[in-house]
Amino acid sequence: MKIEITWKGGGCTKEYDEPITVLEIVEEFKGEYPRDIMACYIDHEINRLDAVIEKDCKLDLLDVTTKSAYKIYQSSLQMLYIKAVHDVLGEDVHVSIDNALSKGIYTTIRTGGITKNTAARIEHRMHELVEMKLPFQLRTVSRKEAIAILNERNLVSKVRVIENLPEVDNFEIYSLGKEWEVTANKLVLNTSQLKHFEVRRYKNGMLLRTALPSHPDGIPPYEEQKQLYSIFAEESRWDRIMGVHYASDLNDRMIRNDYKDLVLLSEALHEKRISEIATEITKQKKRIILIAGPSSSGKTTFSNRLMIQMRVNGLRPLYLGTDDYFVNREDTPIGPDGEKNFEDLEAIDVKLFDQQMNDLLAGKKVDIPTFDFIEGKKIFGTRITSIDASQPIVIEGIHGLNPALTKLIDDAEKYKIYISPLTQLNIDEHNRISTTDARMLRRVVRDHQFRGRNPRQTINEWRKVRDGEDKNIFPYNEQADTFFNSHCLYELAVLKKYATPLLEEIRQEEKEYPEAQRMLKFLSFFVEMPDDSIIPNNSIMREFIGGSILA
């Protein structure tokens with residue numbers, strides 16, 4: 001019986017006389033791929049390269065430029081790093097994989113043995129392990145077996161997560177030498193697939209840096225992110241206050257029906273921070289307040305809550321959005337894909353924007369446009385406005401931190417705020433949930449709730465959204481005067497309720513299926529919040545799940 005395998009988007013089809021592993025196909029066509037293949041989709045199911053193909057199928061070979069393969073690379077590299085730390089510093093040393101920072105992952109190592117050359121020693125050991133081609137061995141075990149294995153190795157936080165998930169029967173467990181891991185992602189076959197990485201000492205921890213989908217052939221240039229690091233310290237303090245460090249802590253609260261306090265405390269900490277920002281703006285007498293952040297950061301809710309706090313301080317802010325300053329549709333620039341590009345700064349009438357902001361600051365009357373998205377043009381005559389000398393202008397838009405947007409406005413007038421869910425509750429000390437994934441979940445839920453869009457559309461467009469963020473938002477976040485972390489500690493327990501049925505609707509034959517399954521996998525480690533009615537109606541979460549009085 002012949003087995004027909006189709007890959008390269010249908011551009012290549014070959015028949016085999018007997019079952020064959022994906023690795024054998026990769027070796028057969030090795031010269032045709034510019035980068036190492038990390039994993040594959042077999043009929044849209046994610047698989048390692050040792051998967052055996054026994055029937056006709058569609059095959060997709062994945063390198064680090066694809067999101068799924070990059071997640072696999074990153075998770076594998078983290079396990080390699082943990083093993084190297086234990087080899088260098090001792091098996092009892094506690095390693096924590098924390099947050100994304102400086103185009104890498106910030107990690108902490110709890111030991112008194114850190115010296116100036118510790119990072120170099122760990123990196124050297126990682127390279128030795130890569131040369132040894134050690135296998136990441138996979139076992140699928142029952143829940144009872146998983147708990148026994150992890151208990152034997154004193155991996156308490158991992159055991160607690162599994163104990164709280166009685167509906168999950170089987171778990172994938174990986175081993176690398178004496179290291180054991182339960183992970184939301186699959187891992188590569190062996191250490192030789194992990195070629196690009198760097199270990200660097202930073203502050204009180206270590207940075208594990210690697211290739212990125214946008215920079216796949218080496219380590220990207222180092223860029224220090226001091227403000228983001230300070231957010232991590234603040235988040236750690238919040239976590240201590242609320243007693244929630246990992247998924248197991250949150251799950252305990254959900255199971256015990258003891259989460260009201262957690263929600264209210266989390267919201268109170270948000271309000272406290274927003275009040276502090278409003279007070280700083282008032283003290284500095286800033287009049288151009290620029291708010292920017294990536295998709296699904298909660299910018300609309302934050303802007304409205306900030307203006308309320310500014311009003312408490314006696315100010316009367318005027319709210320504007322840069323979307324009303326789009327150039328007319330016929331003047332919109334064309335992107336590389338041949339479609340109109342609304343993401344780049346060239347889509348904004350910067351000259352008109354700067355002129356009107358300066359006129360407002362000077363006390364002049366201004367005919368502020370409203371952009372008609374149906375007609376594709378600015379409409380004038382409906383918002384003729386002026387402000388007095390004490391009134392600030394709150395401006396929300398993706399280009400708010402880009403100096404080119406406000407180049408004709410006096411810098412002394414500006415106060416720049418970067419908003420994003422900058423941290424995320426991790427599954428355990430070794431398995432992190434990226435803030436990008438959290439934002440995509442928010443967007444999946446919001447698009448369905450309020451924009452009539454199905455999850456397939458949201459997932460399909462996400463790469464384009466991310467490309468726009470990498471170009472227009474992230475390069476400027478260190479220009480901000482302050483950061484606001486819009487992460488809600490309880491949010492994955494809430495989003496699971498709304499996102500799970502939407503993601504489960506995506507069928508295996510649809511191209512968005514692998515990404516939907518990946519998100520469902522990490523959501524499976526969280527217990528759903530039984531009742532979200534206690535979430536206040538001015539919460540950032542309400543912008544996504546509904547019931548907001550601000551969004």
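The values are calculated or read from the model by the stated rules, or taken from the named source; none is laboratory data. Remember, it's a predicted structure, so these values are computed and weren't measured experimentally. Because the Cβ atoms are built from the backbone with ideal geometry, glycine has one as well, and the counts that use them run over all protein chains shown.
Taking the options Leu361, Leu320, Leu315, name whichever one is in contact (Cβ under 8 Å) with a residue 24 or more places away in the chain, out of contact with any Phe, Trp or Tyr (no Cβ under 8 Å at 6 or more places or on another chain), among the hydrophobic types (A, V, I, L, M, F, W, C) and more than 30 Å from Met541 (Cα to Cα). Explain how you work it out, then say what you get.
Working: Leu320 fails: more than 30 Å from Met541 (Cα to Cα); Leu315 fails: more than 30 Å from Met541 (Cα to Cα).
When all the criteria are applied, what remains is Leu361.
Is it true that Gly314 is surrounded by fewer than 14 Cβ atoms within 10 Å (Cβ to Cβ), of a type outside the set (A, V, I, L, M) and at positive phi? Walk me through how you get there before you give the answer.
Values: surrounded by fewer than 14 Cβ atoms within 10 Å (Cβ to Cβ): yes; of a type outside the set (A, V, I, L, M): yes; at positive phi: yes.
Here the answer is yes, as Gly314 does meet what is asked.
Would you check which residues across the range 189-213 are within 26 Å of Leu520 (Cα to Cα), aliphatic (A, V, I, L, M) and within 22 Å of the chain's Cα centre (by Cα) and list them?
Ala211, Leu212
Find the residue count for the range 449-463, including only residues that are touching a residue at least 24 places away in the same chain (Cβ under 8 Å), surrounded by fewer than 19 Cβ atoms within 10 Å (Cβ to Cβ) and part of a helix (DSSP H, G or I).
So the answer is 4.
Do we find that Ser68 is within 30 Å of Phe474 (Cβ to Cβ) and at pLDDT 95 or above in this structure? Lay out the reasoning, then the answer.
Numbers: within 30 Å of Phe474 (Cβ to Cβ): yes; at pLDDT 95 or above: no.
Spelling it out, it is not the case that Ser68 is within 30 Å of Phe474 (Cβ to Cβ) and at pLDDT 95 or above.
If you scan the range 516-550, which residues turn out to be surrounded by 19 or more Cβ atoms within 10 Å (Cβ to Cβ) and farther than 23 Å from Asp261 by Cβ?
Answer for the range 516-550, where residues must be surrounded by 19 or more Cβ atoms within 10 Å (Cβ to Cβ) and farther than 23 Å from Asp261 by Cβ: Ala516, Arg518, Met519, Phe522, Leu523.
Could you give every pair whose Cβ atoms fall below 8 Å, whose first residue belongs to the range 498-512 and is surrounded by 16 or more Cβ atoms within 10 Å (Cβ to Cβ), and whose second residue is in a loop (DSSP other than H, G, I, E, B) and hydroxyl-bearing (Ser, Thr, Tyr), counting only separations of at least 6 or pairs across chains?
Taking only residues 6 or more apart or on different chains, not a single pair turns up.
What are the pairs with Cβ atoms under 6 angstrom where one residue, in the range 247-275, is over 23 Å from Asn164 (Cα atoms) and the other, located anywhere, is part of a helix (DSSP H, G or I) and modelled with pLDDT of 95 or more? Sequence gap at least six, or different chains.
Note: pairs meeting the criteria are Ile274/Arg305; Ile274/Leu306; Ile274/Gln309; Ser275/Gln309.
Any residue that is among the polar types (S, T, N, Q), under 21 Å from Met242 (Cβ atoms) and assigned to a loop (DSSP other than H, G, I, E, B) - is there at least one of those in the range 536-543?
Our first condition is that a residue be among the polar types (S, T, N, Q); within the range 536-543, this holds for 537-539.
Within this subset, residues satisfying the condition of being under 21 Å from Met242 (Cβ atoms) are 538-539.
So of that shortlist, the ones also assigned to a loop (DSSP other than H, G, I, E, B) come out as 538-539.
The answer is yes, given that some residue of the range 536-543 is among the polar types (S, T, N, Q), under 21 Å from Met242 (Cβ atoms) and assigned to a loop (DSSP other than H, G, I, E, B).
Between Phe353, Phe371, Phe326, which is closer than 20 Å to Ala412 by Cβ, crowded, with 19+ Cβ neighbours inside 10 Å and outside the structural domain of Ser275 (by TED's automatic domain parsing)?
Details: Phe371 fails: closer than 20 Å to Ala412 by Cβ; Phe326 fails: closer than 20 Å to Ala412 by Cβ.
The unique qualifying residue is Phe353.
Can you name every residue in the range 231-240 that is out of contact with any helix residue (DSSP H, G or I) (no Cβ under 6 Å at 6 or more places or on another chain) and surrounded by 12 or more Cβ atoms within 10 Å (Cβ to Cβ)? Spell out the reasoning first.
Just the residues of the range 231-240 that are out of contact with any helix residue (DSSP H, G or I) (no Cβ under 6 Å at 6 or more places or on another chain), to begin with: 231-237, 239-240.
Ile231, Phe232, Glu234, Glu235, Ser236, Asp239 - these are the residues of the range 231-240 that are out of contact with any helix residue (DSSP H, G or I) (no Cβ under 6 Å at 6 or more places or on another chain) and surrounded by 12 or more Cβ atoms within 10 Å (Cβ to Cβ).
Got at least one residue in the range 447-460 being at pLDDT 95 or above, more than 17 Å from the chain's Cα centre (by Cα) and of a type in the set (Phe, Trp, Tyr)?
no
Within the range 80-88, can one find any residue that is of a type in the set (Asp, Glu), touching a residue at least 24 places away in the same chain (Cβ under 8 Å) and touching a helix residue (DSSP H, G or I) at 6+ places or on another chain (Cβ under 6 Å)?
For the range 80-88, residues of a type in the set (Asp, Glu), touching a residue at least 24 places away in the same chain (Cβ under 8 Å) and touching a helix residue (DSSP H, G or I) at 6+ places or on another chain (Cβ under 6 Å): present.
Restricting to the range 190-215, name every residue that is within 13 Å of Gln137 (Cβ to Cβ) and crowded, with 20+ Cβ neighbours inside 10 Å. Write out each step before concluding.
Taking the range 190-215 first, the residues within 13 Å of Gln137 (Cβ to Cβ) are 190-191.
Matches in the range 190-215: Thr191 only.
Run down Arg443, Arg432, Arg466 and say which single residue is within 22 Å of Tyr70 (Cα to Cα), touching a helix residue (DSSP H, G or I) at 6+ places or on another chain (Cβ under 9 Å) and without any contact (Cβ under 8 Å) to a residue 60 or more places away in the chain.
On the way: Arg443 fails: without any contact (Cβ under 8 Å) to a residue 60 or more places away in the chain; Arg432 fails: without any contact (Cβ under 8 Å) to a residue 60 or more places away in the chain.
Answer to the selection: Arg466.
Among Glu346, Glu396, Glu429, Glu375, which is in contact with a strand residue (DSSP E or B) (Cβ under 6 Å, 6 or more places away or on another chain) and more than 30 Å from Ser96 (Cα to Cα)? If you could, list the steps in order and put the result at the bottom.
Details: Glu346 fails: in contact with a strand residue (DSSP E or B) (Cβ under 6 Å, 6 or more places away or on another chain); Glu429 fails: more than 30 Å from Ser96 (Cα to Cα); Glu375 fails: in contact with a strand residue (DSSP E or B) (Cβ under 6 Å, 6 or more places away or on another chain).
The conditions single out Glu396.
Among the residues of the range 375-396, is there at least one that is surrounded by 12 or more Cβ atoms within 10 Å (Cβ to Cβ), in contact with a Lys or Arg (Cβ under 7 Å, 6 or more places away or on another chain) and closer than 23 Å to Glu461 by Cα?
There is at least one residue in the range 375-396 that is surrounded by 12 or more Cβ atoms within 10 Å (Cβ to Cβ), in contact with a Lys or Arg (Cβ under 7 Å, 6 or more places away or on another chain) and closer than 23 Å to Glu461 by Cα.
Could you list, in sequence order, all residues of the range 112-164 that are part of a strand (DSSP E or B) and more than 17 Å from Gln78 (Cα to Cα)?
Start the filter on the range 112-164 by keeping residues that are part of a strand (DSSP E or B), which leaves 135, 137-142.
Within the range 112-164, Arg139, Thr140, Val141, Ser142 qualify.
Would it be correct to say that Pro501 is assigned to a helix (DSSP H, G or I) and either in contact with a His (Cβ under 6 Å, 6 or more places away or on another chain) or not assigned by TED's automatic domain parsing to the domain that holds Leu264 (or both)? Break it down into steps so the answer makes sense when it comes.
Details: assigned to a helix (DSSP H, G or I): yes; either in contact with a His (Cβ under 6 Å, 6 or more places away or on another chain) or not assigned by TED's automatic domain parsing to the domain that holds Leu264 (or both): no.
Taking the combined requirement at face value, the residue does not satisfy it.
Across the range 13-65, what is the number of residues that are touching a Phe, Trp or Tyr at 6+ places or on another chain (Cβ under 8 Å) and on the phi > 0 side of the Ramachandran plot?
1
Name the pairs: first residue in the range 11-22 and among the polar types (S, T, N, Q), second residue loosely packed, with under 14 Cβ neighbours inside 10 Å, Cβ to Cβ under 7 Å, at least 6 apart or on different chains?
Close Cβ pairs (under 7 Å, with a partner that is loosely packed, with under 14 Cβ neighbours inside 10 Å) amount to Thr13/Glu4; Thr21/Asp50; Thr21/Val52.
If a residue must be among the hydroxyl-bearing types (Ser, Thr, Tyr) and touching a helix residue (DSSP H, G or I) at 6+ places or on another chain (Cβ under 7 Å), how many such residues does the range 15-70 contain?
First, the residues of the range 15-70 that are among the hydroxyl-bearing types (Ser, Thr, Tyr): 16, 21, 33, 41, 65-66, 68, 70.
From what's left, touching a helix residue (DSSP H, G or I) at 6+ places or on another chain (Cβ under 7 Å): 41, 68.
Qualifying residue count for the region: 2.
Please indicate, with yes or no, whether at least one residue in the range 467-484 is of a type outside the set (Asp, Glu), over 26 Å from Ala247 (Cα atoms), touching a His at 6+ places or on another chain (Cβ under 9 Å) and outside any loop (DSSP other than H, G, I, E, B).
Going through the range 467-484, the residues of a type outside the set (Asp, Glu) turn out to be 468, 471-477, 479-480, 482-484.
From what's left, over 26 Å from Ala247 (Cα atoms): 468, 471-477, 479-480, 482.
So of that shortlist, the ones also touching a His at 6+ places or on another chain (Cβ under 9 Å) come out as 472-473, 476.
Filter again for outside any loop (DSSP other than H, G, I, E, B), leaving 472, 476.
Among the residues of the range 467-484, at least one is of a type outside the set (Asp, Glu), over 26 Å from Ala247 (Cα atoms), touching a His at 6+ places or on another chain (Cβ under 9 Å) and outside any loop (DSSP other than H, G, I, E, B), which makes the answer yes.
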